[in-house]
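**Student:** So that we are looking at the same thing, I have put the structure below in structure tokens.
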Amino acid sequence: MNFKLQSEFAPTGDQPTAIEKLSKGLENGEKYQTLLGVTGSGKTFTIANVVEKVQKPTLVLAHNKTLAAQLFMEFKEFFPENAVEYFVSYYDYYQPEAYVAVTDTYIEKDLAINAEIEKLRLSTTTSLMSGRRDVIVVASVSCIYGLGNPAEYKNQIIRISKGQTLSRNTFLFDLVNILYARTTADFQRGNFRVKGDNVEVFLAYADYAYRITFWGDEVENLESFDPVSGKRMEQMKDIAIFPANIYIAPRDQLPTIIHEIQDELKEHIDRVGKIIYSR
């Protein structure tokens, strides 16, 4: 799908010239360009026109969460049919752990994670890994930090087609491997449950769930549904289930990771002489 800008207004004043020059600069591979003389939503509208003109995935960086949220809402209004995503730190509060050697005092790590922002971060990753090109990511500087290997993340995606031969138990193990948790109580994001021949998966990055119906080792039916009302939303031929966490390690790499942690721990003990453990 192409970017499709929707607005009741048209560029005026110096905006058409700015849009044309910025677009040509991007097409010519210019690394740096600066937009001057436009403020507020007018600047967002100008850039939105550039995005529509060049038709390329776009990253918009803001210096804080407040500005990022404002830009996210503005781009969402301009591109309601495209994937406009929000990617900022999911911590409402974060106090790193610390050790004061002089007084032999350990300060425990304390944090609070915003579940809604975590969903939006996962939604961003899902849009980027789905292969679609009409993606705008509005982010704070947290997006520049390492988030793991994209190739490894992509390899963990579960793809299912109607009529496919698939063992239900294998499918359940695959869900656990990509960090979905089985539940028989509250059905929340990142959970799955088994009801007879049906496996229901509440996606960690969306407000809807998938219902996969098995007939023996065959996928008989695929549909999305509202996890609150249980009402069916759409019949589907193919689905993709993305991991429930951005940070995911393949099982075949776990032994290597464990050995590296052990080596680092030994090095720390040799240097400091003690272990301080916090859950």
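**Student:** Give me the net charge of Lys119's neighbourhood, meaning all other residues with Cβ under 13 Å from the Cβ of Lys119; Lys, Arg count +1, Asp, Glu -1.
**Tutor:** Working: positive: Arg121, Arg189; negative: Glu85, Glu116, Glu118, Asp207.
Taking every other residue near Lys119 into account, the sum is -2.
**Student:** Still on this structure, please answer the following. Using a 10 Å cut-off around each Cβ, can you sort His63, His268 from fewest to most neighbouring Cβ atoms?
**Tutor:** With the sparsest Cβ surroundings first, the list reads His63, His268.
**Student:** Mind checking the dipole of the chain: about its Cα centre, +1 per Lys or Arg Cβ, -1 per Asp or Glu Cβ, Debye to the nearest 20?
**Tutor:** The dipole magnitude comes to about 340 debye.
**Student:** For Lys21, list the aspartates and glutamates whose Cα falls under 20 Å from its own Cα; do not include residues on the same chain fewer than 8 positions away.
**Tutor:** Counting by Cα, and skipping residues close in sequence, Lys21 has these aspartates and glutamates nearby: Glu30, Glu52.
**Student:** Can you give the relative contact order of the chain as a percent, counting alpha carbon pairs under 8 Å and 6+ residues apart?
**Tutor:** The normalised contact order for the chain reaches 15 percent.
**Student:** Evaluate the relative contact order of the range 177-279 (contact order divided by residue number), counting alpha-carbon pairs under 8 angstrom at least 6 apart; express in whole percent.
**Tutor:** Relative contact order here is 18 percent.
**Student:** Might you report the magnitude of the Cβ-based charge dipole of the range 147-279 about its Cα centre, with Lys and Arg at +1 and Asp and Glu at -1, to the nearest 20 debye?
**Tutor:** 300 debye
**Student:** Can you pick out the pairs among Lys109/Lys154; Lys56/Lys154; Lys31/Lys154; Lys4/Lys231; Lys56/Lys231; Lys4/Lys154 whose Cα atoms lie more than 26 Å from each other?
**Tutor:** Lys109/Lys154; Lys31/Lys154; Lys4/Lys231; Lys56/Lys231; Lys4/Lys154
**Student:** Straight-line reach from Lys76: which aspartates and glutamates have Cα under 13 Å away, leaving out those fewer than 8 places along the same chain?
**Tutor:** The qualifying aspartates and glutamates are Glu85, Asp134.
**Student:** If you find the alpha carbon centre of the range 162-196 and of the range 7-24, how far apart are they in angstrom?
**Tutor:** 49 Å
**Student:** A follow-up question, please. Which of Ile178, Ile212, Ile258 moves the most in a Gaussian network model of the chain with Cα springs under 10 Å?
**Tutor:** Ile258
**Student:** May I ask for the equivalent-ellipsoid semi-axes of the chain, computed as the square root of five times each C-alpha gyration tensor eigenvalue and listed largest first in whole Å?
**Tutor:** Details: eigenvalues 278, 201, 60 Å².
In descending order the semi-axes read 37, 32, 17 Å.
**Student:** If you build a Gaussian network model of the chain, linking Cα atoms that sit under 10 Å apart, which residue out of Gly163, Gly29, Gly131 swings the most?
**Tutor:** Taking springs between Cα atoms under 10 Å, the residue moving most is Gly29.
**Student:** Something else about it: Based on the inverse mean of 1/r over its pairs of different Cα atoms, what is the Kirkwood hydrodynamic radius of the range 129-198, in Å? All intermediate terms of the calculation are to be shown ahead of the outcome.
**Tutor:** Details: mean 1/r = 0.0654 Å⁻¹.
Its Kirkwood hydrodynamic radius stands at 15.3 Å.
Where a number appears in this text, it was derived from the coordinates with a stated rule and is not lab data. Keep in mind the model is a prediction, meaning the values are calculated, not measured. For neighbour counting, all protein chains shown are included, and Cβ atoms are generated from backbone atoms with ideal geometry for every residue, glycine included.
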